[in-house]
Every structure is written in C-alpha cells, then in structure tokens.
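Trainee: Here it is: the structure, laid out below.
The values are calculated or read from the model by the stated rules, or taken from the named source; none is laboratory data. Note that this is a predicted model, so its numbers are computed, not measured. So basically every Cβ, Gly included, is an ideal-geometry build from the backbone, and we count neighbours across all protein chains shown. Side chains are part of the model used for accessible areas, which takes the heavy atoms of the whole protein and leaves out ligands, DNA and RNA. Shrake-Rupley method; radii C 1.70, N 1.55, O 1.52, S 1.80 Å.
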Amino acid sequence: MIQICTVGGFSDIGRNMTAIKVNDTAVILDMGIHLSNYIKLADEDDIHKFPLQELIYQGAIPNDKVIEYWKDEVKAIIPTHAHLDHIGAIPFLAKNYDAEIICTPFTKAVLEAILTDEKIKLPNTIKSLSPNTKYKIDDNITIEFIAVTHSTPQSVFVILHTPEGQVMYTNDFKFDQYPVLGKKTDVKKLQALKDIKLLFCDSTRCLDLKKTPSEQIAKQMLTDILEGSHLENNAIIVTTFSSHIARLKTIVELAKKMNRKVIFLGRSLAKYVEAAELIKLVEFSKNIKQAKYPNEVQKALKLVEGNKEKYLLVVTGHQGEPKSVLSKIANDTYAFKFQPNDAVIFSSTVIPTPENKKNRELLEALLQKKNIRIFKDIHVSGHAGKEDIRDLILFTNPKNIIPSHCNKSLSDGLVTLAVEMGYIQGINLYQMGDGSMLELK
Ligand SMILES: [Zn+2]
C-alpha cells in the first residue's frame with residue numbers, strides 16, 4: 001500500500017511538501033516556503049526569531065505536524081530544484097527528521113549557500129544525486145531523478161520505484177525543446193516508465209491553453225530590446241529572477257556583444273550565481289562584477305555613475321520589493337541618478353499577489369516620473385501549459401493522478417483535462433488539499 005500526505009502546496013501555490021510512505025519507509029518531496037507569507041514576516045523581523053509554530057500559523061512554511069506519526073520512518077527529504085518554494089523550509093524543518101537531504105548538485109550548492117548565509121547548521125547530511133541517476137534507499141523505495149527543463153538549472157522529476165509501482169512527482173517543469181542552458185527532457189525515458197501508479201502533476205499553468213514557449217523566446221525578446229532600442233548612451237538596468245541562470249547567461253552574453261561590463265547587484269543574485277559557478281554550470285566571472293551588500297552596491301554604483309554606457313546592471317527587485325536594489329536606486333538611496341531615457345527591463349512577470357501588484361505599481365510610477373523607459377514582461381514561464389501537461393500524461397500513462405502545485409481553481413482545471421482524457425474523479429483522479437491523506441491499494 002502507498003500512503004500519501006499532501007502536506008503543502010495543494011490548497012494554495014507555495015510551501016510545497018508531500019510525504020509518501022511505502023510499508024515502513026517514508027520520504028518527503030520538497031520542503032518549501034510560501035514566498036509572500038514568508039517575506040511579510042522577514043520584513044518585520046529576523047525570520048529565525050519567530051517560533052516554528054508562528055511560521056506555520058502564518059502560512060510561511062508547511063504544517064508538518066500532519067505527518068508526526070511518520071516522523072521516525074522518514075528516510076529522505078528530496079527537493080526537486082532550487083526554488084525557495086521547494087527548498088526554503090529546509091532550514092526550519094529538516095532537523096525534525098533523521099533523514100538525508102537528496103538533491104541535484106546545483107540545488108545542493110544553493111541550499112548550502114542559504115544555510116551559510118543564515119548561519120544555520122543542520123544535522124542532516126546533504127547528498128548530491130546527478131540528474132538521470134538512481135539511488136536506493138532500501139527495499140521499499142529507490143529514487144530516480146529525470147532531468148527536466150524549468151526556470152532554474154538541474155530541475156528533476158522524481159520517480160519513486162516501490163514494490164507497489166512507481167510514484168512520479170513533477171513539480172516543476174515545462175517541455176522546452178530548445179533550452180538556453182542544459183538539455184531538453186528525454187521523452188523516451190518518460191515513455192519507458194511502464195508502471196506509474198501515481199502522478200503528481202504540476203498544475204500551475206494548466207489553465208493556459210498552450211504549450212509554454214521555449215526560453216529561446218525570452219532570449220530573442222531581450223536581444224530585440226538590447227540590440228534594437230536606441231540605448232547606446234543610456235544606463236541599462238535588467239532585473240530578473242536570481243535563480244534563473246539561463247536568463248542571466250543570455251544577459252551576460254548580450255552585454256558582452258554590446259561591449260558593456262555586467263555588474264550583478266544584490267545578495268540573492270550572488271547566492272545563485274556563485275552556486276552555478278561552483279558546480280561549473282556557467283563561467284560568468286571573467287565578464288562580470290558582483291556587489292552583494294549595500295556598501296558594495298554603493299561603491300559599484302559610484303563607479304557606474306558617469307560611465308553608464310560602459311555597464312549593464314543586473315539588479316534584484318523585479319517584484320518591486322521595497323528593500324531591493326532596484327527600489328533603492330529608484331528612491332535615490334544610492335549615489336546613482338537616473339537620466340531621462342535610461343532603461344529598466346523587467347525580465348519577469350509579476351507574481352500576482354496583492355502585495356507584489358502594489359509594490360510594482362509604486363515602483364513603475366516612480367520610474368515613469370523620472371522619464372525612464374520601462375520594458376516589462378520580457379519573460380516566458382517555467383511551468384507547463386495545458387498542452388505540455390496533456391503530453392506528460394500521454395507519455396507516462398499514469399494509473400492515478402493528483403493535481404499539485406495548485407490552488408482549488410487550478411486543481412479544478414487539471415481535473416477537467418484529466419476527465420477529458422478518461423480519468424474519473426474519486427476513482428483514479430484525486431483532488432487533495434493541504435494536510436490531506438490518501439491510501440492507494
Ligand atoms: Zn520552480
């Protein structure tokens with residue numbers, strides 16, 4: 001019998017965590033934070049000062065009390081990739097389990113950078129497992145990682161091989177045929193999985209009636225702007241997701257073509273870029289400078305002031321976060337003055353929470369007052385659209401499906417698709433909420 005507990009990420013997007021138990025072996029898939037709930041608390045105070053219970057109560061981290069009775073049987077914690085909604089709660093919760101953390105080398109490097117940055121020492125060992133390899137925990141569960149394209153490197157589908165069949169967990173993915181970094185997903189590997197008992201299906205973009213475009217499209221959009229707009233004598237500031245190494249690679253390459261030196265400004269950018277360099281995914285160092293802390297940022301911006309045409313700045317703050325480098329530049333906190341027609345490129349979309357929407361509106365209004373050229377939504381998503389999801393189900397032919405990485409309306413959307421493909425709700429298609437349990441015989 002396979003027992004499932006959907007701990008977090010099934011009633012609301014964020015704080016992903018799922019536990020699977022086969023006989024007396026349990027594993028945890030993902031241990032993430034809910035970004036906006038987390039940032040609200042982190043802005044108030046040092047997040048590590050809050051009692052665990054308060055972080056759970058405020059919805060910042062998953063409520064793992066629901067698997068209290070499985071605690072001694074948890075043998076592994078397996079985050080699928082380096083996004084904070086998948087690894088961000090590890091510093092808070094992993095110590096509750098006598099379990100190894102098993103993840104790809106990039107995810108490991110990012111996790112270790114976070115732990116060092118926050119001065120946290122975990123009792124758990126962190127094992128790196130390369131994409132497209134297997135690792136046997138015991139006779140009940142063998143883990144397999146299948147490399148998949150997403151918006152951060154070395155993302156994987158996790159397959160749990162068990163005596164009861166295979167469990168496949170797909171948070172998060174898209175099927176990019178022309179990735180900018182890494183390889184496309186090996187579909188043959190998916191088709192070779194002949195005994196998928198249960199598929200956890202990333203449903204974040206299941207209402208988008210499309211196949212999500214390739215990262216090459218974002219590259220083309222950025223190329224168009226940087227090569228085609230009349231920006232020769234102006235400051236160019238790009239802001240994007242710090243974890244999006246492929247996007248950063250595009251930006252570094254385009255800047256080189258323009259003979260501009262790149263400076264990465266902000267702590268979270270440094271964390272992800274250093275992790276990617278550490279495991280030799282990219283080699284930015286020759287072409288970039290980095291400034292992590294406010295005094296370093298201040299120094300770097302002084303260097304740029306007066307020589308704006310020689311630099312391209314990559315900064316944190318694409319959601320308009322008030323403490324980010326971009327907001328601080330816009331607020332004249334630093335010795336850097338925008339000139340009319342300088343450019344700010346948002347290589348991102350707004351994650352639609354009321355907080356983010358408000359912050360971005362304020363930031364854009366401020367930039368517009370200074371006559372800054374704004375280029376927004378220069379981005380493609382890392383999540384599968386409805387037609388990618390249909391392909392995933394066709395490739396793997398799972399016996400049972402649970403919509404994941406979703407709220408109720410997205411879960412409903414996935415149900416509509418699965419019913420269309422012959423699944424029956426309550427028989428082999430299960431809508432779960434946070435903290436729900438299911439047994440599959
Ligand atoms: Zn992700």
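Trainee: With every protein chain present, what is the per residue accessible area of the chain (1.4 Å probe, Å²)?
Mentor: Here the per-residue accessible area is 42 Å².
Trainee: A further question follows. List the relative contact order of the chain as a percent without decimals, with contacts defined as Cα pairs under 8 Å and 6+ residues apart.
Mentor: About 19 percent, as a whole number.
Trainee: At R0 = 30 Å, how high is the FRET efficiency between Thr223 and Lys188 if r is their beta carbon distance? Nearest 0.05 is fine. All intermediate terms of the calculation are to be shown ahead of the outcome.
Mentor: On the way: r = 32 Å, r/R0 = 1.07.
Rounded to the nearest 0.05, the efficiency is 0.40.
Trainee: Give me the net charge for the shell around Phe106: Cβ to Cβ below 13 angstrom, other residues only, Lys and Arg +1, Asp and Glu -1.
Mentor: After counting each charged neighbour, the total is 0.
Trainee: Here's something else I'd like to know. Tell me the angle of helix 267-278 to the major Cα principal axis of the chain, expressed in degrees between 0 and 90 and rounded to the nearest ten.
Mentor: Its long axis makes an angle of about 70 degrees.
Trainee: Further question: Give the distance, in whole Å, between the Cα centre of the range 190-232 and the Cα centre of the range 319-340.
Mentor: 30 Å
Trainee: Between Ser404 and residues 5 or more places away or on another chain, which pairs have amide H atoms under 5 Å apart, with H built 1.01 Å from N, and which residues are they?
Mentor: The answer is Cys201, Asp202, Ser203.
Trainee: Rounding to the nearest 10 and keeping the result within 0 to 90°, find how far the Cα-based axis of helix 35-44 lies from the longest principal axis of the chain.
Mentor: With both axes taken from Cα atoms, the answer is about 60 degrees.
Trainee: Sorted by accessible area with a 1.4 angstrom probe, largest first, how do Met421, Met168 fall? If you can, show how the numbers build up before the last one.
Mentor: Numbers: Met421 55, Met168 0 Å².
These residues rank, largest area first, as Met421, Met168.
Trainee: Where in the range 339-354 does the label zone of Lys257 land, with the point 7 angstrom along Cα→C-beta and an amide N cut-off under 19 Å?
Mentor: Label zone hits: 343-348.
Trainee: Shifting gears a bit: Can you give me the % of accessible surface on the chain that is carbon or sulfur? Probe 1.4 Å, all protein chains present, nothing else counted.
Mentor: 50 percent
Trainee: Length gain on complete extension for the stretch Leu303 to Lys95, per 0.36 nm per residue less the alpha carbon to alpha carbon distance?
Mentor: So the chain would gain 70.5 nm between Leu303 and Lys95.
Trainee: Using Cα centres only, tell me the gap between the range 265-282 and the range 379-415 in whole Å.
Mentor: So the separation of the two Cα centres works out to 30 Å.
Trainee: With only Lys, Arg, Asp and Glu charged, each at its Cβ (+1 for the first two, -1 for the last two), find how big the charge dipole of the range 215-375 is about the Cα centre; round to the nearest 20 debye.
Mentor: It comes to approximately 340 debye.
Trainee: If you add up the charges near Lys75, with Lys and Arg at +1 and Asp and Glu at -1, over every other residue whose beta carbon is less than 9 angstrom from its beta carbon, what do you get?
Mentor: That sum, taken over residues with Cβ under 9 Å, equals -4.
Trainee: Taking the Cα of Asp332, stepping 7 Å toward and past its beta carbon, and measuring to each backbone N in the range 358-402: which are under 12 Å?
Mentor: Answer for the range 358-402: 370.
Trainee: Expected output is a single nm value to one decimal: the length gained when fully extending between Ser409 and Asn428, i.e. 0.36 nm times separation in residues minus the C-alpha distance. What is it?
Mentor: Values: separation 19, 0.36 × 19 = 6.84 nm, distance 1.92 nm.
Gain in length upon complete extension: 4.9 nm.
Trainee: Give the aspartates and glutamates whose C-alpha is closer than 18 Å to that of Lys257, dropping any in the same chain fewer than 8 places away, or say none.
Mentor: Asp224, Glu227, Glu232, Glu283, Glu309
Trainee: Quick one: if the Förster radius is 45 Å, what FRET efficiency do Lys358 and Lys441 give, using the C-beta to C-beta distance and rounding to 0.05?
Mentor: Using R0 = 45 Å, I get an efficiency of 0.40.
Trainee: For the pair Thr416 and Tyr57, how long in nm is the line joining their label points, each one 7 Å along Cα→Cβ?
Mentor: Spacing of the two 7 Å Cα→Cβ label points: 3.9 nm.
Trainee: Pick out, from Ser128, Thr416, Ala192, the residue whose Cα sits farthest towards the positive end of the charge dipole of the chain, with +1 on the Cβ of Lys and Arg and -1 on the Cβ of Asp and Glu.
Mentor: Value computed over the given set: Ser128.
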